[in-house]
Structure formats: structure tokens, C-alpha cells
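K.L.:
One structure, as C-alpha cells, below. Some questions next.
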Amino acid sequence: NPYAGLVSHLRATWLSGKTRPMEYRVAQLEALGRFLDEKKQDILEATALDMGKPSFEAYFTEILLCKNELNDTLNNLCHWMKDEHVDKNLVTQLDSAFIRKDPYGVVLIIAPWNYPIHLFLVPLIGAIAAGNCVVVKPSETTKNTERLVAEMLTCYLDNDCFAVVTAGVEETTRLLENKFDYIFFTGTPSVGRIVMTAAAKHLTPVTLELGGKNPCYVSDTCDVQNVAQRVAWGRFFNVGQTCIAPDYVLCSVEMQEKLMPALREAITEFFGSNPRESPDFGRIVGDKQFRRIRALLCSGRVAIGGQTDEKERYIAPTVLADVLPSDPAMQEEIFGPILPIVVVASVDEAIDFINARPRPLAIYAFSCDSKVVNQVLERTSSGGFCGNDTLMHVTLTSLPFGGIGNSGLGKYHGKFTFDTFTHHRGCLHRNMGLEALNALRYPPYSQQKLGLLTATFEIKRKGMCTLL
């Protein structure tokens with residue numbers, strides 16, 4: 001296997017204990033901060049070349065949010081690493097019971113192309129903070145960013161502990177044949193199944209950050225202009241190539257009619273009368289992706305946009321009206337600048353529609369009535385939820401980010417990333433003396449011993465807790 005030597009080298013380094021001291025982890029994390037600061041312009045240029053990403057969007061997602069994760073980790077790492085002491089029973093009162101935060105070992109991070117810096121760097125921050133050695137596999141689809149990461153990241157990190165592998169599908173398959181102690185994958189459900197199958201051969205735990213069709217319910221009682229702006233921003237940010245973008249709108253016929261002019265106005269305000277000329281609207285990442293998204297335009301009727309240019313890989317910000325559940329746009333995650341609107345009669349019908357489909361990565365609900373928003377929250381299941389806005393929940397390092405069911409497995413961001421790459425090791429350190437206390441558990445057994453054992457080990461039920 002072409003990667004066996006690399007993995008063996010990293011494992012030997014990890015076994016030496018080099019990555020365990022807090023000072024070492026902090027030094028490597030600070031090096032990542034220098035990478036973001038010193039290569040800021042290179043990152044902006046590479047993402048612009050790969051997918052026409054506006055510098056505003058690239059700075060916000062690929063640099064600012066990454067620095068937030070980094071600083072949150074550096075601010076709290078000392079506390080996160082500490083042993084966590086836990087409650088004890090009567091028998092162990094004189095002993096030490098604690099949770100040790102151990103690194104897994106050698107971990108693999110496989111990143112996608114849509115946010116090619118953010119989606120490898122945020123898990124990498126947590127993996128380093130937890131004390132692991134890491135192999136990073138950036139996406140081969142965004143060639144310029146892949147080259148930047150491969151050539152520059154190794155100049156900042158300790159190459160005995162961290163490696164970047166550039167690989168296509170065939171090479172990644174060979175890479176997955178190696179035994180890793182944890183695998184973190186971001187991508188599609190179909191590839192996620194392949195990764196999980198490869199991990200199962202070594203009983204390797206995984207985090208799978210996948211996608212899905214994220215529903216956006218809009219009730220009849222809402223500020224239409226605000227909804228239009230927030231939904232249009234979430235859908236057309238990064239040209240819709242965002243795993244948590246609102247994938248389709250559910251609303252009444254009346255609300256669809258109100259939303260159309262408001263969405264048209266929002267799109268014009270954001271990108272001008274001709275979005276193709278806007279410096280704030282990017283391009284589809286590749287020809288294959290362009291053709292797949294363009295084929296979805298036959299769904300419903302094109303109410304706004306619909307223009308395409310294959311040479312530029314340009315698809316205009318598009319809204320499709322009167323889309324049926326059987327239409328092509330409703331059969332797969334869109335991952336492009338197309339927003340279908342599906343008509344439902346009520347919030348109950350919208351909830352039934354959502355629950356009849358695989359659980360998404362995010363659910364959005366808009367209403368001036370908080371009871372309606374809470375109704376959608378309480379009666380559905382998804383990786384995350386955001387009421388009266390889109391995407392913004394992902395900006396908080398205090399919230400876990402991850403999917404459920406078809407949209408993924410596991411969670412990260414902030415301390416959740418550190419915990420993901422950490423084995424929480426249950427530890428009990430007992431006193432060598434006081435052997436008389438242990439006599440209750442030793443044979444020969446008796447009813448008297450059992451009674452005393454029960455009294456010292458039993459956890460008794462307390463009063464009912466109430467949710468405030």
C-alpha cells in the first residue's frame with residue numbers, strides 16, 4: 001500500500017508521546033493561526049480561481065470562522081484537557097474516579113470542495129487540540145486550493161505528526177485501506193457509505209458530515225421582505241454550494257405569490273439586474289456539477305432567473321414555483337443556486353412532508369408566531385435547526401454541528417470538535433490499603449454481605465425533575 005509507510009511513521013511518532021503535551025498542541029495551533037494570517041491572500045485567490053468565490057464570502061467562511069474556532073480552542077484548551085472528576089459511591093469515597101481525555105492516535109480527515117479550507121481546518125484544529133497525529137486529504141476538485149494546502153500547510157506544521165495527501169478517488173480508496181484510529185469525512189451520503197464500510201474493516205470510529213435536502217417552512221404570518229432576504233442569502237451564498245443551504249421552501253399558495261416579488265427584489269438588490277456581472281456571485285465548481293444542476297431547471301416553472309452559460313459554469317439565481325414532490329429538483333440535494341417552492345396547505349402538512357423524507361442536516365422555519373416555529377422544531381428531527389434565519393446557527397462555536405440519519409453521524413465545532421477526536425477514558429485509582437472494605441464482594445457469599453453490598457453501591461431514585 002503506497003500510504004502504509006506514512007501511516008506507520010505517524011503512528012510511531014504518536015506512540016512516542018510527542019503530541020501529548022499541552023505546550024506542543026498550542027504551538028501547532030498557533031502555527032495554524034500564522035498560516036491563516038500569512039496566506040490569507042493566497043487563500044482568497046485560490047478559492048476565486050477554483051469557483052469564482054467572492055473575497056467577502058471566502059474571508060468570512062474560510063478565514064474568519066476558522067480563526068474563531070482556533071481562538072476558542074486556544075482560549076479553552078487548558079480546561080478541556082483536564083481530568084474530569086466524577087461522583088463516587090460509598091465504597092470508593094477514598095479513591096480517585098476521573099475521566100482522562102486521551103487522543104485517539106492517528107486520524108484521517110477527508111475534506112470536500114465547497115469550503116475547501118474551512119472544512120478541513122476546523123476538524124484539524126480539534127484533532128491537534130486533542131493530541132492526535134493527522135493525515136489531511138483535501139478535495140481534488142478544487143485544484144488551486146488543494147495545491148496551496150499541500151505546498152504551504154506542511155511549512156507550518158510538524159511533518160513528523162501531520163501530513164497532507166493529495167489523492168483522487170482511486171488513491172483515496174487505497175488510503176482508506178490503512179488502519180486509522182478515527183476517520184472524519186465530509187461529503188455526500190453515497191461516499192459516506194464507502195468510507196464507513198472501509199472503516200468497519202478496522203472497527204474504526206467515524207464522523208460523517210453529509211448533506212441532504214434542508215426544508216424551509218414559511219408561515220403566512222411573517223415579514224415577507226425579511227424572509228426573502230434571509231432565504232435568498234442562505235440559498236445563493238457560495239452559489240448555493242452549501243450543505244446547510246435551504247434546499248426548498250414549503251409555504252401556502254398565498255405566501256408563494258407574496259414571496260415571488262420579494263425574492264426578485266432581494267436577488268436584484270444583492271447581485272444587480274444581471275447577476276452574471278456581479279463580483280459577489282460565484283460559479284459552479286465543475287462541468288459535471290454544472291450539467292447536473294442545470295438538468296433540475298425543468299422542475300415546476302421558472303419564476304425568477306433560469307439563465308445558464310456552460311462555458312462560464314454560470315447558473316443565475318433561480319426560483320422555481322409550483323414544484324411537485326415528484327419533480328427532479330425534489331429527488332436530490334440541489335447544491336446550486338436553485339430554490340424550488342412546494343405548496344402546502346398548513347404547518348401540519350409541511351411537518352408531515354418533512355417527516356416523510358430522510359432527516360436533513362438543517363431545518364428552517366419562519367413565522368412571527370414563535371409557537372409555529374416551536375411546533376416545527378418539536379415535531380421534526382434534523383441535524384440542526386434555525387428559526388427565522390438561515391445558516392447563522394453554524395457561526396456559533398457553542399452549538400454542535402452535525403447530521404442525523406442520512407445527513408450524517410457525529411458532531412463538531414468548538415469543544416465538540418475536541419470531544420470528537422478525544423477518547424474519554426474512564427479511570428478509577430484505588431487505595432492499596434483498607435482491604436477490609438473489599439471483603440463484602442469476596443466469596444464465600446451470604447445474604448448479609450449482599451445486604452451490605454446493596455447499601456454501599458445502590459443509587460436511589462430522587463424526586464422527579466421538571467423541565468422549566
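K.L.:
In this structure, is Ile125 part of a helix (DSSP H, G or I), open to solvent by less than 10 Å² (accessible area, probe 1.4 Å), closer than 30 Å to Arg100 by Cβ and aliphatic (A, V, I, L, M)?
P.N.:
yes
K.L.:
Which of (1) part of a helix (DSSP H, G or I); (2) at pLDDT 95 or above; (3) surrounded by 14 or more Cβ atoms within 10 Å (Cβ to Cβ) is the odd one out, the single condition Lys371 does not satisfy?
P.N.:
(3)
K.L.:
In contact (Cβ under 8 Å) with a residue 12 or more places away in the chain and either within 16 Å of Val206 (Cα to Cα) or loosely packed, with under 15 Cβ neighbours inside 10 Å (or both), is that true of Phe162?
P.N.:
Answer is no for this residue.
K.L.:
Any idea which of (1) touching an Asp or Glu at 6+ places or on another chain (Cβ under 8 Å); (2) open to solvent by 10 Å² or more (accessible area, probe 1.4 Å); (3) farther than 16 Å from Thr242 by Cα; (4) assigned to a helix (DSSP H, G or I) is the one Ile43 doesn't satisfy?
P.N.:
(2)
K.L.:
Okay, next question. So for region 219-233 (the condition being open to solvent by 10 Å² or more (accessible area, probe 1.4 Å) and aromatic (Phe, Trp, Tyr)), does at least one residue qualify?
P.N.:
yes
K.L.:
Please go through region 2-23 and give me each residue that is in contact (Cβ under 8 Å) with a residue 24 or more places away in the chain, part of a loop (DSSP other than H, G, I, E, B) and either open to solvent by less than 60 Å² (accessible area, probe 1.4 Å) or closer than 22 Å to Thr166 by Cβ (or both), ordered by number.
P.N.:
Answer for region 2-23, where residues must be in contact (Cβ under 8 Å) with a residue 24 or more places away in the chain, part of a loop (DSSP other than H, G, I, E, B) and either open to solvent by less than 60 Å² (accessible area, probe 1.4 Å) or closer than 22 Å to Thr166 by Cβ (or both): Pro2, Tyr3, Thr19.
K.L.:
Now, a different point. What single numbered condition from (1) under 23 Å from Ile117 (Cα atoms); (2) open to solvent by 10 Å² or more (accessible area, probe 1.4 Å); (3) aliphatic (A, V, I, L, M) fails to hold for Ala245?
P.N.:
(2)
K.L.:
Give the residues of region 286-326 that are among the β-branched types (Val, Ile, Thr) and within 16 Å of Asp247 (Cβ to Cβ), sorted by residue number.
P.N.:
Residues satisfying the conditions are Ile293, Ile315, Thr318, Val319, Val323.
K.L.:
On the given criteria, is Ile194 free of Cβ contacts under 8 Å to residues at least 60 places away in the same chain and outside the structural domain of Met330 (by the TED database)?
P.N.:
Criteria met by Ile194.
K.L.:
For region 3-17, does any single residue satisfy the condition of being closer than 30 Å to Ile244 by Cβ and not hydrophobic (A, V, I, L, M, F, W, C)?
P.N.:
No, that holds for no residue.
K.L.:
In contact (Cβ under 8 Å) with a residue 60 or more places away in the chain, touching an Asp or Glu at 6+ places or on another chain (Cβ under 9 Å) and within 24 Å of Ser407 (Cα to Cα): does that describe Phe185?
P.N.:
Against the criterion (in contact (Cβ under 8 Å) with a residue 60 or more places away in the chain, touching an Asp or Glu at 6+ places or on another chain (Cβ under 9 Å) and within 24 Å of Ser407 (Cα to Cα)), Phe185 qualifies.
K.L.:
Would you check if there is a residue in region 253-263 being at pLDDT 95 or above, crowded, with 18+ Cβ neighbours inside 10 Å, of a type in the set (S, T, N, Q) and touching a Leu at 6+ places or on another chain (Cβ under 9 Å)?
P.N.:
No.
K.L.:
Kindly establish whether Tyr364 is under 28 Å from the mean Cα position of the chain (by Cα), surrounded by 20 or more Cβ atoms within 10 Å (Cβ to Cβ) and under 16 Å from Phe236 (Cα atoms).
P.N.:
yes
K.L.:
To continue, here is another question. Out of region 277-317, which residues are among the basic types (Lys, Arg) and either touching a residue at least 12 places away in the same chain (Cβ under 8 Å) or in a helix (DSSP H, G or I) (or both)?
P.N.:
Scanning region 277-317 gives Arg283, Lys288, Arg291, Arg292, Arg294, Arg301, Arg313.
K.L.:
While we're on this one: May I ask you to list the residues in region 406-461 that are acidic (Asp, Glu) and within 30 Å of Tyr104 (Cα to Cα)?
P.N.:
Asp419
K.L.:
While we're here: Find all pairs meeting these conditions: Cβ atoms under 6 angstrom apart; at least six residues apart or on different chains; first residue within region 80-97 and open to solvent by less than 50 Å² (accessible area, probe 1.4 Å); second residue among the hydroxyl-bearing types (Ser, Thr, Tyr) and at pLDDT below 90.
P.N.:
Val91/Thr456
K.L.:
Looking at region 412-450 only, could you name the residues that are in a helix (DSSP H, G or I), open to solvent by 40 Å² or more (accessible area, probe 1.4 Å) and outside the structural domain of Val86 (by the TED database)?
P.N.:
If the condition is that a residue be in a helix (DSSP H, G or I), open to solvent by 40 Å² or more (accessible area, probe 1.4 Å) and outside the structural domain of Val86 (by the TED database), then Glu435, Ala436, Leu437, Ala439, Leu440, Arg441, Gln447, Gln448, Lys449, Leu450 are the ones that fit.
K.L.:
For Phe98, which of the numbered conditions (1) in contact with a Phe, Trp or Tyr (Cβ under 7 Å, 6 or more places away or on another chain); (2) farther than 29 Å from Val165 by Cα fails to hold?
P.N.:
(1)
K.L.:
Out of Ile183, Ile194, which single residue is at pLDDT 95 or above and in a strand (DSSP E or B)?
P.N.:
Ile183
K.L.:
Being without any contact (Cβ under 8 Å) to a residue 40 or more places away in the chain and open to solvent by 20 Å² or more (accessible area, probe 1.4 Å), is that true of even one residue in region 28-35?
P.N.:
no
The values are calculated or read from the model by the stated rules, or taken from the named source; none is laboratory data. Source: prediction; values computed, not measured. All Cβ positions, glycine included, derive from the backbone under ideal geometry; neighbour counts span all protein chains shown. Only protein heavy atoms, including side chains, enter the accessible area calculation; ligands, DNA and RNA are left aside. Shrake-Rupley method; radii C 1.70, N 1.55, O 1.52, S 1.80 Å.
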